[in-house]
2 protein chains.
Amino acid sequence: MESLTVGQAAARTGWSPRMLRYLERAGLVIPARSASGYRQYGLLELNQLRSLGELRRRFGVGIDELAFTVRLQQEPALQAAVETWLAGTQLSALDWEQRKHERLLAA
Amino acid sequence: MESLTVGQAAARTGWSPRMLRYLERAGLVIPARSASGYRQYGLLELNQLRSLGELRRRFGVGIDELAFTVRLQQEPALQAAVETWLAGTQLSALDWEQRKHERLLAA
DNA sequence: GCAACCTTGACACTGCTCTGTTAGGTTTCG
DNA sequence: CGAAACCTAACAGAGCAGTGTCAAGGTTGC
């Protein structure tokens, strides 16, 4: 055994097989492949799927928001521009995200 | 004078009046109001509009990504969850954002 | 007072995210 | 072998972001 197929991983993480394929294409959770092309989900991938699910369910975080965090850490020019902009805004932007979060929870 | 109406602010920042109203509703740039309800854009708002425009044009950053940054700084639980998730993923998420950025630039 | 500009609200369209489903074909397992 | 599960690709549809435009009415400035 050693690793799970897409259906087995789906059953254990609460995602649908469709979504696991989507997440792979999105670059968020990328399993190894068997010789015949089957996806192989190991412990690492299962943990990623669980924490990703929690991030989305509990905090309403989307894919690009997550990826943006990575980008911020790796592009100093972008980070500087964002911080400059933040200086003048602050609270109002927080309101926006909170309202979005409420919408997600209501659905 | 002292402050600009929505049309004047639009002319000076490159946004359309429609977008300035949209940005206000989104909570990103919120002008004061005159006694009769007209929006009043001052220096602060003009600078916010310019830096916001640069963030979007040069870096392809969207509203929720910006707001998410603020949220990260203010919700320690969220920040911790994101960092936990980041530990297992890293490069692949960056790829995603870069591909999105390329799509935006191509349009 | 009238033209030009403002206000809100609504309709509409493009494009993207997320998710399901269906179709045609391959692999695994009992 | 045959059923069940996998693969890719495609179509589909809700929902939201972003943007324009139009309508009905209020405000400003010459």
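The values are calculated or read from the model by the stated rules, or taken from the named source; none is laboratory data. Everything numeric here is computed off the predicted structure, so don't read it as measured data. Neighbour counts are summed over all protein chains in view; Cβ atoms, including those assigned to glycine, are modelled from backbone coordinates with ideal geometry.
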> Counting just the residues of segment B:1-14 that are part of a loop (DSSP other than H, G, I, E, B) and in contact with a Phe, Trp or Tyr (Cβ under 9 Å, 6 or more places away or on another chain), which one comes out nearest to DNA strand D (Cβ to nearest atom)?
Replying inline: B:THR5
>> Criterion first (under 19 Å from B:LEU72 (Cα atoms), in the same structural domain as A:GLN8 (by TED's automatic domain parsing), in a helix (DSSP H, G or I) and modelled with pLDDT under 80) does A:ASP64 satisfy it?
In response: yes
> What number of residues in segment A:1-17 are surrounded by fewer than 15 Cβ atoms within 10 Å (Cβ to Cβ), within 11 Å of DNA strand C (Cβ to nearest atom) and among the aliphatic types (A, V, I, L, M)?
Replying inline: 1
> With respect to A:LEU46, is the statement that it is under 18 Å from B:GLN73 (Cβ atoms), of a type outside the set (S, T, N, Q), out of contact with any strand residue (DSSP E or B) (no Cβ under 6 Å at 6 or more places or on another chain) and assigned to a helix (DSSP H, G or I) true?
Replying inline: no
> When both residues are 6+ apart or on different chains and their Cβ atoms are under 7 Å apart, which pairs have a first residue that lies in segment B:1-22 and is more than 13 Å from B:LEU52 (Cα to Cα) and away from chain A (no Cβ under 14 Å), and a second that is within 10 Å of DNA strand D (Cβ to nearest atom) and aromatic (Phe, Trp, Tyr)?
Replying inline: B:THR5/B:TYR38
> within 11 Å of DNA strand D (Cβ to nearest atom) and more than 12 Å from chain A (Cβ to nearest Cβ) - does that describe any residue in segment B:38-55?
Replying inline: yes
>> Condition first: more than 12 Å from DNA strand C (Cβ to nearest atom) and at positive phi. Now tell me which residues in segment B:18-45 satisfy that.
In response: B:GLY27
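Pick from segment B:72-87 the residues that are hydrophobic (A, V, I, L, M, F, W, C) and exposed (fewer than 13 other Cβ atoms within 10 Å of the Cβ): which of them is farthest from the other protein chains (Cβ to nearest Cβ)? Explain how you work it out, then say what you get.
Residues of segment B:72-87 that are hydrophobic (A, V, I, L, M, F, W, C), as a first pass: B:72, B:77-78, B:80-82, B:85-87.
Applying the additional criterion that residues be exposed (fewer than 13 other Cβ atoms within 10 Å of the Cβ) yields B:77, B:80, B:87.
Working: B:ALA77: 8, B:ALA80: 11, B:ALA87: 9 Å.
Among them, the one singled out is B:ALA80.
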> So which residues in segment A:35-45 are surrounded by fewer than 18 Cβ atoms within 10 Å (Cβ to Cβ) and touching a residue at least 12 places away in the same chain (Cβ under 8 Å), if there are any at all?
Replying inline: A:TYR38, A:GLN40, A:GLY42
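Condition check ((1) hydrophobic (A, V, I, L, M, F, W, C); (2) modelled with pLDDT under 90) across all residues:
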position: A:ALA10; (1), (2): yes, no
position: A:LEU20; (1), (2): yes, no
position: A:PRO76; (1), (2): no, yes
position: A:ALA80; (1), (2): yes, yes
position: A:GLU83; (1), (2): no, yes
position: A:ALA87; (1), (2): yes, yes
